[in-house]
1. If a residue must be under 26 Å from A:D134 (Cα atoms) and either more than 9 Å from chain A (Cβ to nearest Cβ) or open to solvent by 60 Å² or more (accessible area, probe 1.4 Å) (or both), how many such residues does region B:25-54 contain?
2. Do we find a residue being open to solvent by 50 Å² or more (accessible area, probe 1.4 Å) and either more than 25 Å from the chain's Cα centre (by Cα) or modelled with pLDDT under 75 (or both) anywhere in region B:97-106?
3. A:G620 versus (1) within 14 Å of chain B (Cβ to nearest Cβ); (2) open to solvent by less than 50 Å² (accessible area, probe 1.4 Å): which is the lone unmet condition?
4. Can you say whether A:R666 is in contact (Cβ under 8 Å) with a residue 60 or more places away in the chain and among the basic types (K, R), as far as the supplied structure shows?
5. Could you please find all residues in region A:255-287 being within 10 Å of chain B (Cβ to nearest Cβ) and not in a loop (DSSP other than H, G, I, E, B)?
6. For A:A691, are the conditions met, namely being away from chain B (no Cβ under 14 Å), in contact (Cβ under 8 Å) with a residue 40 or more places away in the chain and closer than 19 Å to A:A708 by Cβ?
7. Which of the helices (runs of 4 or more DSSP H) contained wholly in region A:660-735 include at least 1 residues that are open to solvent by 70 Å² or more (accessible area, probe 1.4 Å)?
8. A:E615 versus (1) over 26 Å from A:L291 (Cα atoms); (2) touching a Lys or Arg at 6+ places or on another chain (Cβ under 9 Å); (3) open to solvent by less than 40 Å² (accessible area, probe 1.4 Å): which is the lone unmet condition?
Amino acid sequence: MQLVNEGARVRVRARMRMLVRVRARVSRSAGNRGYTPFNLHYSDSSSTIKPPFLSYDPHRSAHTPLVIDNGSTSLRFGFSSSSTPQVVPNIVSKYKERKAGKQLLLFGDTIDAEGGARSQAKTPWEGDVLLNFDALEHALDYVFIHLGVDTSTVDHPVIMTERLASPLHSRALTSELMFELYSVPSLTYAVDAVLSFYHNILPTPPSSFLAASGLAISFNAASTSVIPILNGKGIMSQAKRIPWGSQQASEYLLKLIQLKYPTFSTRITAAHTNWMLHTFCEMSSDYTALLRRLRDPEQLRRVERIVQFPFVLPAADDRTEEEIARAAEKRREQGKKLQEMAAKARLDKLVQKESDLQYLTNLKERKAEETRREWQNILQSEGFNDDAALDQAIKKLEADLRRTRKKAANDGDDVMEEPPFPLVDTPDDQLDEESLKEKKKQKLLKAGFEARARARREKEKALEERAAEERKEGKERAADPSAWVARVRAEHASVMERIKERNRRKAALGDRKSAAAQARMKNIASLAADERVGKKRRKGGGEDMFGADDEDWAIYRKINTAAVSSDEEEDFTQLQAVEQKLLTHDPTFGIEQTHAALSSQRSAFMSAFRPQYVEGDVEGRARIHLSTERWRVCETWFAPSMAGVDSAGLGEVLQNVLASFSLADRGHLVQNVFLTGAPAQMPGLADRLHATLRPILPPEMPLRIVRAADPSMDAWRGMAAFAQTEEFARVGVSKAEYDEWGGERVRRWWGGNWNASVL
Amino acid sequence: MPPKGSTRKKPSAAPSTEGSATPQIPTLAEQLSILSAPRPFKNSNYTKNSSRRTKNLKAVLGQERERERVEREKRRTEREEAMEIDGAATSVMIEDDMPTYLSIEAPPSVLPQRRYCDITGLESPYTDPISGLRFHDKSIYELIKSLSASAAKEYLAARGVNPIVK
């Protein structure tokens, strides 16, 4: 392992441990995808914790504009006079605590304070659309509570972000909440990417923003948008949105990991993969070249990152040898005792069966003596319906007895001396009832013993034969070693060939159209046909001679594909024996030439792609190796079709957008390609965009790609800065205008949406 | 400012804590809950909009599509009327293409799709005709052959292909 890798692994381990602790009960409900709460600082040790509410005093009746960036991952809010916003995950959970039965309403990070709360969590967003207004109301409540607003209305002009070309339903209901529930005096909607652009053009005086042009690319959690900005005005009609964001990318990574590790010890969640995405994944400026480079297993190992999940080592056995021995002895004794008990029970049962059989046979003999009617009555009283039932019962008992005797003969062949069976040879009439029973028992035991002895003799004979054969072979080997090796090797090769042939045939039968499968169908058809006598046979008498030759029956084996043929097992035992011989006597035959070694061989690439750990390696089995995935996941921004999303990728969309502008305008746009939104922090993104855009532009056209100074926070800062300008008062919708127009209409301005706007 | 809930609870909680040895400390989650925080800024006369919960994503987007259609129709007739009155003059408003949530959606890709190995992500010149999986080389083909039908299906699903069972 590389040193770099080692370092990464240690860091990862520490991080994951924390991650798993914090998120012990994460659920994958739709509401909380794509959000990772790493910033939980609360601890149980302090006796009381109050949410850090701010003081409202500086803003009371000051009409300070209130700035809210309602993102699908985080909610950022604050008064425009503050330099940084409050940031909380935009997630809310209304939860009934089970112990005290109390209703709880938790927002943001605090959700993790209660174990079950996360499973009930909701966000205002459904993918890319603001849809859950109950959650939005809680979020806005949280904002105003947090800011300490204690007046009867929220008497601040509000500027709030909105999705690019937001559906009017979302806008109408948001406006309704703002104006009717919170009674704000005016409300302005802004597109986050444009305001982030605005913030990054500053601190040049705001007036110069009118001259600023650029191509803003906004990376969101559930979408990626491209917005051309010309002369300080967002050209929304040419904007495009790709339905792919970091949330989808995390889901894709999750799917890839689940496929790569189908039986992983820990349940991996989207939150885990979201973290992996942010930590390990990067854009490649030339994906094809990278893939060609990674074909080399060594290169692949070099770039891989290992995520170690928590694992539990199995408890070590710290008993002394003596103790272990004692325990084993005890176990053995117990086993013996049990065996004895079982044998006794078996014998009792056998005796019972024997006497039952005797009784029933006697009963049957009586049939001749009784009248028909009486015989019927007797049968009824014994619980049989008719003669057939009786016969069946007798037959069953006989079969049972036979089986048990046979079984008794097979096991327990270590008994050597014959115990005395004194009663066996005594005639019945010299015995009383008790002894008769005993005699029956002894008879059975004797029969079993004899059968065992026979089996033992046969076994010994077989062993002897084998030893003789081995001796013979040894002699042969000593006489001419090279000839022997050649012979055994040939044997080995032929068995291997047979196995291979069988596998090939099995594979061929899987395909309906293969020659083997067709031949099989032909065989079945001819077997099923009434007239299956061949021409030759017909000449020789016209009789069906099937079965005259034993070989004929092999056809049934041939057409049976499902059953594992006994040949196969035989072949494997033979192969094992031959390989054993070769391993011991042929120095040129190594372990790597055995069938087992050959069939379990994996290509060097596959073992670099997913290194295998041995069965007992708990630590290794709790590891995830990320190699090609590190780039594969980010590549989806440029090719969503890789993950099955039928949409043009970022490169194609950029090309389309640029193509709809004149050459001069295009020049203005590409001079300032602006990246914003949290996923814009992906390493290598700017290089990749450069590699994508440069070839489609005239060579003399300057191309500049900049990333927002703070991709996740700059939209809020831009809004805060804008809220302090004079222009801000002109672009908002006032309460009176809302009453007149309804919630859908907005004023058209450079940073806002156009849909349903009025000039 | 203390949350409203804590002041309300105090009188009832105080006697019980005096009696027991360990005072009842509210759990972390209870302390963090904002359920009982005062919300004086809310208009108590406001009633929830009825359509707030009933509409799902599909309904909202359908509504949006319908609205777009009506809008386009309206503008077309407006333009026709304007042309009837005065052949040359059309207002700026009509020229502008009004963007909507659906119209700014990126179109399907028209570029040739690159093929990648479903297992490893490498370039893949081959496709297994039985499972439909793409693979990079012989060793990965061996792996594909050993995959169960359902596993192969999952690999395909990751690429967005949902095969129809023949």
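The values are calculated or read from the model by the stated rules, or taken from the named source; none is laboratory data. Here the structure is a predicted model, which is why all the values come from computation and not from measurement. No Cβ is skipped: glycine too gets one built from the backbone with ideal geometry, and neighbour counts run over all protein chains shown. Quick note on the areas: whole protein, heavy atoms, side chains included, nothing else; ligands and nucleic acids left out. Shrake-Rupley method; radii C 1.70, N 1.55, O 1.52, S 1.80 Å.
1. Result for region B:25-54: 8.
2. Checking region B:97-106: at least one residue is open to solvent by 50 Å² or more (accessible area, probe 1.4 Å) and either more than 25 Å from the chain's Cα centre (by Cα) or modelled with pLDDT under 75 (or both).
3. That leaves (1) as the condition not met.
4. no
5. A:K255, A:L256, A:Q258, A:L259, A:K260, A:Y287
6. So A:A691 does not fit the description; no.
7. Because the criterion is at least 1 residues that are open to solvent by 70 Å² or more (accessible area, probe 1.4 Å), the helices (runs of 4 or more DSSP H) in region A:660-735 that meet it are A:663-670, A:685-693, A:728-731.
8. It is condition (3) that A:E615 fails.
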